[in-house]
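A short worksheet on the structure shown next.
The values are calculated or read from the model by the stated rules, or taken from the named source; none is laboratory data. None of these values were measured; they are calculated from a predicted model. So basically every Cβ, Gly included, is an ideal-geometry build from the backbone, and we count neighbours across all protein chains shown.
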Amino acid sequence: MKKQTYILVIACLLAACTSTPPKRQHDLCSVFEQNPDWYEYARQAQNTWGIPKHILMAFVRHESSYKENAKTPYEWFLFIPLGRQSSAKGYAQAKDPVWKEYKKERGGFFKSRGDMEDALDFIGWYNSKTHKQLGISKWNARDLYLAYHEGRGGYKRGTYKKKPELVKYADKVARTASEYGAQLKKCEEQFKCSKWYQIWPLCS
């Protein structure tokens with residue numbers, strides 16, 4: 001029995017104990033049912049930054065498909081790998097420079113782009129700054145995503161206007177956010193106050 005336990009632990013370490021992405025990613029209720037803690041993380045991020053839960057989760061879905069170790073593809077020259085397209089990785093596909101800025105402001109030596117709690121907090125933090133600097137509504141998933149992808153400077157210069165595919169993708173993110181919002185209204189009660197230490201109405 002002990003040998004089996006050791007084998008299981010080693011296998012988990014070798015696989016980095018990665019979590020399995022939700023099967024029904026189009027359904028936020030199903031996503032939260034498979035990962036109840038994610039609702040709590042999204043709620044905390046919303047309370048901290050004012051970005052709605054359904055928008056936070058729509059960003060994660062379209063940035064990484066809920067894969068904690070997601071990375072950009074390699075660029076190639078013939079058969080020679082030249083490196084990845086960018087340093088973006090994790091649930092939120094945060095790049096090294098902005099992730100460094102986030103950690104400096106938020107603290108926390110152990111924050112990880114492969115941790116959903118940190119990823120949602122990062123998305124909330126970034127979009128809250130976008131709202132303050134560019135005046136984009138915290139409920140405007142489309143334009144928040146364009147600024148997230150292009151950077152605030154790029155958004156301000158209108159770089160996305162020359163990228164029709166990106167604009168289409170931002171519209172897709174907005175549609176997902178809208179669908180997620182409608183779905184959450186029907187099932188959110190089951191996730192509120194689900195922890196033994198939570199007391200209504202403080203957790204509502």
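The rows are residues; the columns are (1) surrounded by fewer than 19 Cβ atoms within 10 Å (Cβ to Cβ); (2) of a type outside the set (G, A, S).
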site: F122; (1), (2): no, yes
site: Y126; (1), (2): no, yes
site: K132; (1), (2): yes, yes
site: N140; (1), (2): yes, yes
site: Y145; (1), (2): no, yes
site: Y148; (1), (2): no, yes
site: G151; (1), (2): yes, no
Report the residue count in segment 63-103 for those that are modelled with pLDDT of 55 or more and either among the hydroxyl-bearing types (S, T, Y) or loosely packed, with under 14 Cβ neighbours inside 10 Å (or both). 12
On the basis of being farther than 16 Å from Q46 by Cα and among the aromatic types (F, W, Y), does Y148 make the cut? yes
Which of the residues that make up segment 124-166 are of a type in the set (S, T, Y) and touching a residue at least 60 places away in the same chain (Cβ under 8 Å)? S128, Y145, Y148
Checking G181 against (1) closer than 25 Å to D37 by Cα; (2) modelled with pLDDT under 95: exactly one of these is not met. Which one? (2)
Kindly indicate whether any position in segment 108-115 is among the charged types (D, E, K, R), in a helix (DSSP H, G or I) and either in contact (Cβ under 8 Å) with a residue 12 or more places away in the chain or surrounded by fewer than 16 Cβ atoms within 10 Å (Cβ to Cβ) (or both). no
